[in-house]
Structures are given as structure tokens and as C-alpha cells.
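Read through the structure below, which is laid out as C-alpha cells, and then see the notes.
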Amino acid sequence: MTTSQSATSLGSEPGPSRHDELRHQLDTLTTEAFRSELAEIDRLPTLEIARIMNGEDSTVPTAVAERLPQIAAAIDAIAERMARGGRLLYVGAGTAGRMGVLDASECPPTFNTAPGQVTGVIAGGPDAMVNSVEGAEDSAEAAAADLDALGLTAEDSVVGISASGRTPYAVGAVEHARSRGALTVGLACNEGSALGAAAEHGIEVVVGPELLTGSTRLKAGTAQKLVLNMLSTITMIRLGKTYGNLMVDVRASNEKLRARSRRIVALATGAPDEEIERALAATDGEVKAAILTVLAGVDGPTAHRLLAEAHGHLRAALTVASGPGAADA
């Protein structure tokens with residue numbers, strides 16, 4: 001996670017004309033629309049409010065489903081860049097930024113990604129993860145500076161995240177990244193957004209007005225989480241970080257994950273516990289290599305070599321190991 005604050009945008013208030021412009025923008029956003037039928041929701045019984053909110057949440061997957069072609073196209077483009085050594089960088093402010101940081105932080109233990117390979121960039125600094133730093137979202141220049149501080153290259157993929165689709169920090173990040181030749185994705189929850197237009201791949205998941213007017217941590221936040229789950233997870237599948245639906249690149253950094261590693265090898269091979277322990281010992285605890293030693297009957301060093309030659313794709317390594325001349329591998 002990385003961030004910076006812009007001295008030019010923080011601590012200064014927009015003038016009256018700017019306030020009028022912002023108010024007009026908000027009036028045009030679906031995510032900011034007022035729902036008169038919910039004007040007295042605070043007078044309802046708690047259970048009824050919960051039912052209404054649950055019903056609202058149930059509409060989000062349908063809205064995401066309508067954008068699956070755009071999501072899939074973005075994933076294929078991201079995976080292509082990452083296969084060449086590029087990084088996946090999420091950029092956003094407030095709830096959107098936190099969603100990006102959350103998704104990025106889960107990639108190392110789940111997929112054994114290298115440090116910095118998937119990174120969340122949030123406006124306002126690390127403090128913005130737990131405290132509101134609302135003014136930080138107003139600076140496009142801060143976003144550009146944050147990306148430059150990471151050494152942005154044309155091989156990277158930058159995903160700007162903003163419920164409104166107009167947040168200067170997110171839009172500025174995408175515009176700056178695109179000017180540097182990086183792949184750009186704009187994830188918004190309004191149609192015709194500036195963010196979607198700025199990005200090479202615009203993903204606009206329209207979830208409609210929120211239960212609480214303008215509280216985009218609700219349906220919009222849920223939609224963002226679902227899309228980011230897809231972007232990272234399916235990209236990792238394309239990169240060979242899984243074997244079927246097993247997390248074979250899991251990093252066994254604690255007792256739970258070590259137990260999960262053994263279970264994954266068992267599910268993939270059907271081998272008895274003793275053989276699994278030998279395989280993991282022979283491969284320094286690396287699940288992919290352990291599976292390869294069991295299924296292909298090769299030793300640890302050979303398993304590591306085959307995986308390296310297959311760029312980490314276990315299925316490809318198994319094909320080579322079981323092909324002609326495999327016994328001499």
C-alpha cells in the first residue's frame with residue numbers, strides 16, 4: 001500500500017461556483033439519487049429494515065453479471081501483462097481505495113504473489129485505511145505522484161476504482177497510467193462515467209440508488225468487492241496459480257495454512273499422509289512441486305525445474321513429466 005497527500009488540495013475549500021458544479025454532478029449520479037419511498041425507513045421495525053437492505057443487496061450480483069464481458073476482457077489483458085512481469089495496481093479513495101487495498105493484501109497468502117506484484121494505492125496514506133481522509137480524493141496530481149513513486153511502467157495494469165466514477169484521484173491515476181502506456185481499467189457504478197471513459201477497459205456496474213442516499217459503501221462497495229474478486233482471482237487462475245479449484249500456490253505462513261497445504265496435496269493426489277509429508281519435505285513445503293512429485297513420480301529438484309520451465313503452470317508441467325522421455329527427466 002502506498003499513498004501521498006496533495007498540499008494543494010487538502011485544507012482548501014472550493015468556492016461557491018465549484019460547490020454548485022459539484023452539486024450538479026451529484027444530482028446526475030445514479031448512486032446519489034434520493035429514494036422517496038424510503039424516506040421513513042427509520043420508523044420501521046428493525047427486522048423490516050433488515051429485509052429491505054437484504055433485498056437491495058441481492059440485486060448487486062445481477063448488476064455485475066451485466067458487465068461480465070467487460071470484466072473478462074480486462075482480466076485477459078491484465079493476465080497478459082502480468083505474465084510478462086507487470087504488476088496489478090489498484091487505485092482509489094475512501095471505500096473504493098480500501099477495497100483495492102483489501103484485495104491486494106489477500107494475494108500474497110492466497111496466491112504466493114511476489115512483494116508489490118499486486119498493490120493497493122489509497123488516497124490519503126495508510127491512515128486512510130482506518131480514518132476518513134476525505135479531501136485526499138480531490139487531487140489527480142497526488143495519484144500521479146503515488147504511481148510514479150511505485151516506478152510505474154508500461155507493463156503494469158492500473159485499476160481505478162470509484163463508485164461515482166468522477167473522483168479526481170481515481171480518474172487522474174488512470175489518465176496518468178494511460179499516458180505512460182500502462183493498461184488501464186476504470187471500475188465505476190454509474191454509466192457514462194469520466195473514469196470509464198478515461199480507461200482502456202471501462203467497467204460500469206450500475207447498482208442504482210443506495211438505501212441511504214449517497215452511502216456508496218453499501219451496494220456500490222459490494223459491487224466493487226465482487227468485481228475485484230474476479231479481477232484478481234481469475235487473473236491468478238490464468239497465471240497458473242491454481243490447479244482446478246485448488247490454491248496450489250498458497251503460502252504456508254501459519255499453522256492453518258500449513259494444514260491447508262497438506263489438505264490441498266491430498267485432494268489433488270489422493271496420496272496417503274506419509275507420502276504427502278515426504279513430498280512436502282522434498283520440495284521445501286511448496287504445494288505445486290509436492291503434487292508434481294506425487295503424480296509424476298519425480299524428485300524435488302526435478303519438480304522445481306519442470307515448474308520453472310512451465311512458468312509455474314502445474315498442468316503444463318504434469319504434461320511434460322508424463323510425456324515421452326519423462327522417465328529420463
So the angle from the long Cα axis of helix 46-57 to the longest Cα principal axis of the chain, reported in degrees to the nearest 10, equals 70
Over segment 112-223, what relative contact order in percent results from Cα pairs under 8 Å that are six or more residues apart? 19
Express as a percent, rounded to the nearest 5, the fraction of DSSP beta bridges in the chain (both residues included) that run antiparallel. 5
To the nearest 500 deg cm²/dmol, what mean residue ellipticity at 222 nm is calculated for the chain from DSSP H runs of n ≥ 4 alone, each contributing -39,500 (n - 2.57), summed and divided by the residues? -15500 deg cm²/dmol
Nearest-20 debye value, the chain charge dipole, Cβ charges on Lys, Arg, Asp, Glu: 800
Ignoring ligands, DNA and RNA, what accessible area per residue does the chain give at 1.4 Å, in Å²? 47
Just subtract the alpha-carbon distance of A145 and L47 from 0.36 nm times their residue separation and send over the number in nm, one decimal. 30.6 nm
How many percent of the accessible area of segment 77-198 is carbon or sulfur, using a 1.4 Å probe? 52
Between L314, L218, L44, find the one with the highest GNM mean-square fluctuation for the chain; connect C-alpha pairs within less than 10 Å. L44
Heavy-atom accessible area of H311 with all protein chains present, probe 1.4 Å, nearest 10 Å²? 150
Counting DSSP beta bridges in segment 154-246, what percent are antiparallel, to the nearest 5? 10
How do T319, T235 stack up against each other in accessible area, from largest to smallest, with a 1.4 angstrom probe? T319, T235
Which of the listed residues, M236, G208, T31, is farthest toward the dipole's positive end in the chain, when Lys, Arg count +1 and Asp, Glu count -1 at the beta-carbon? M236
Would you look at the GNM of the chain, springs on alpha carbons closer than 10 Å, and say which of S58, S232, S105 moves the most? S58
Would you look at the GNM of the chain, springs on alpha carbons closer than 10 Å, and say which of E32, E210, E48 moves the most? E48
Order K219, K256 by their accessible area, 1.4 angstrom probe, all chains in place, largest first. K256, K219
What trypsin sites (Lys or Arg not before Pro) in segment 41-136 are in a loop by DSSP, with at most 15 other Cβ atoms within 10 Å of the Cβ? R84
Using a 1.4 angstrom probe on the protein heavy atoms only, line up F111, F34 by accessible area, largest first. F34, F111
Report, in degrees rounded to the nearest 10, the 0 to 90 angle that the Cα long axis of helix 16-27 makes with the longest principal axis of the chain. 60
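The values are calculated or read from the model by the stated rules, or taken from the named source; none is laboratory data. Owing to the predicted nature of the structure, the values given are computational and were not obtained by experimental measurement. Using ideal geometry, Cβ is built from the backbone for each residue, glycine included, and neighbour counts are taken over all protein chains shown. Just the protein is used for accessible areas: all its heavy atoms, side chains included, with ligands, DNA and RNA removed. Shrake-Rupley method; radii C 1.70, N 1.55, O 1.52, S 1.80 Å.
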